[in-house]
Amino acid sequence: MRAVKPYNSGMTSAALMENCLRWNRTRASYRPAGEVFDTTRAEVVGLDESDAKLFVKAHHYSGSYPAARFRAGIVVKPPFAPAYLGGVAVFSVPMTQSVIPATLALAPAHGVELGRFVLLDSLEANAETWFLGRAFRLLKRHLPEVKGVVAYCDPVERRNAAGELVKRSHTGTIYRAHNAIYRGQGKGRTLWLLPNGQVASERALSKLRSGECGTEYAARQLLEQGAPARLFAESGADWIERLKNTGFLQPLAHPGNHRFVWRLDGARLSPDSGTRRPE
């Protein structure tokens, strides 16, 4: 039985509080929190699906894009240079219908998840809260039925097979700065990591095990990451076990993601009692 690697944030809580997470071509970095962003040279606008998806897949470490309901972007207009898209906020459909009622006390259609929030490393620290606040305003204008937002923070760093850091720990510093309510930490579980440090989708693995619709796409995702091909007459379940036993899929003990929420309709939400706050 292979030992499951324990979670290690890789950063102290003090370091996290003093820095703001940024991305560029899937690589994470941090900007010092004391920097000032020139808001007179920026604008937050609604984005087309294609523009938001291209940006997120190019820069976010996961290389993936959620099922979006609304997308906002921060357009930066530097002096004597062309304007450029400096960040994207994607408000998406949660993984399950139970998320919004459980965290926001709303019907599923009346809440969204902040599925991706990505800023380039060229933007100074306080661009985050400025962008997030204006993205919320646009969300309320374009989807007036939405009354709340939930966001998840993954506190576990990711490294690829070469030991290179591909994602740092994230404990919700920016969300707390934007007056989010902490709603506790999710249930711990074991994740299976691909050689590039990304998490193998449990939904995709489940499709392979059961042979249900979508198996070919799930298999192609593994093969694109360098997985050894499935053997003749080998079941999907047996293939996954072989990938685990040979070390292609690496186990990681995960303590659960932190959850933060905002009510956009002014309703009060009290913090969860008895839940562990992020360190």
Rank these by accessible area, largest first, 1.4 Å probe: CYS153, CYS213. CYS213, CYS153
Estimated vicinal HN-Hα couplings, Hz - segment 64-73 in sequence order (Karplus 6.51, -1.76, 1.60; Gly, Pro = x): 10, 9, x, 7, 7, 9, 7, 9, 10, x
Under 18 Å by backbone N from the virtual spin label 7 Å along Cα-to-Cβ at SER122, the residues of segment 75-95 are 75-89
If contacts are Cα pairs under 8 angstrom and at least 6 residues apart, what is the relative contact order of segment 126-213 in percent? 23 percent
Let's test the formula: R0 of 41 Å, r as the Cβ-Cβ distance of GLU224 and SER98. What FRET efficiency results, to the nearest 0.05? 0.85
GluC sites (Glu not before Pro) restricted to segment 158-247 and DSSP loop, no more than 14 other C-beta within 10 Å: GLU164, GLU212, GLU234
In sequence order, calculated HN-Hα J values of segment 254-261 (Karplus, 6.51, -1.76, 1.60; Hz; x Gly/Pro): 10, x, x, 7, 7, 10, 10, 9
Restricting attention to segment 169-263, which chymotrypsin sites (Phe, Trp or Tyr not before Pro) occupy a DSSP loop and are surrounded by at most 12 other Cβ atoms within 10 Å? PHE232
Filter the chymotrypsin sites (Phe, Trp or Tyr not before Pro) in segment 35-89 down to the DSSP loop ones having no more than 11 other Cβ atoms within 10 Å, then list what survives. PHE80
Provide VAL112, VAL199 ordered by accessible surface of protein heavy atoms (probe 1.4 Å), highest first. VAL199, VAL112
Placing +1 on each Lys and Arg Cβ and -1 on each Asp and Glu Cβ in segment 128-177, then taking the dipole about the Cα centre, the residue among VAL166, VAL146, ALA177 whose Cα reaches farthest towards the positive end is VAL146
Which value, in Å² rounded to 10, gives the accessible area of HIS110 with a 1.4 Å probe and all protein chains present? 80 Å²
Efficiency by 1/(1 + (r/R0)^6): what FRET value for TYR84 and ASP38, r their Cβ-Cβ distance, R0 = 22 Å, to the nearest 0.05? 0.95
What does the C-alpha gyration tensor say about the overall shape of segment 103-216? Classify as rounded when a/c is under 1.5, otherwise prolate if a/b is larger than b/c, or oblate. oblate
For PHE70, which sequence-distant residues (separation of 5 or more, or a different chain) have an amide H within less than 5 Å of its own amide H, given hydrogens modelled in the peptide plane? PHE91
Normalised by the number of residues in segment 97-154, what is the relative contact order in percent for Cα pairs under 8 Å and 6+ residues apart? 48 percent
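The values are calculated or read from the model by the stated rules, or taken from the named source; none is laboratory data. As the structure is a prediction and not an experimental result, all values here were calculated from the model. So basically every Cβ, Gly included, is an ideal-geometry build from the backbone, and we count neighbours across all protein chains shown. Surface accessibility is based on the protein's heavy atoms, side chains included, excluding ligands, DNA and RNA. Shrake-Rupley method; radii C 1.70, N 1.55, O 1.52, S 1.80 Å.
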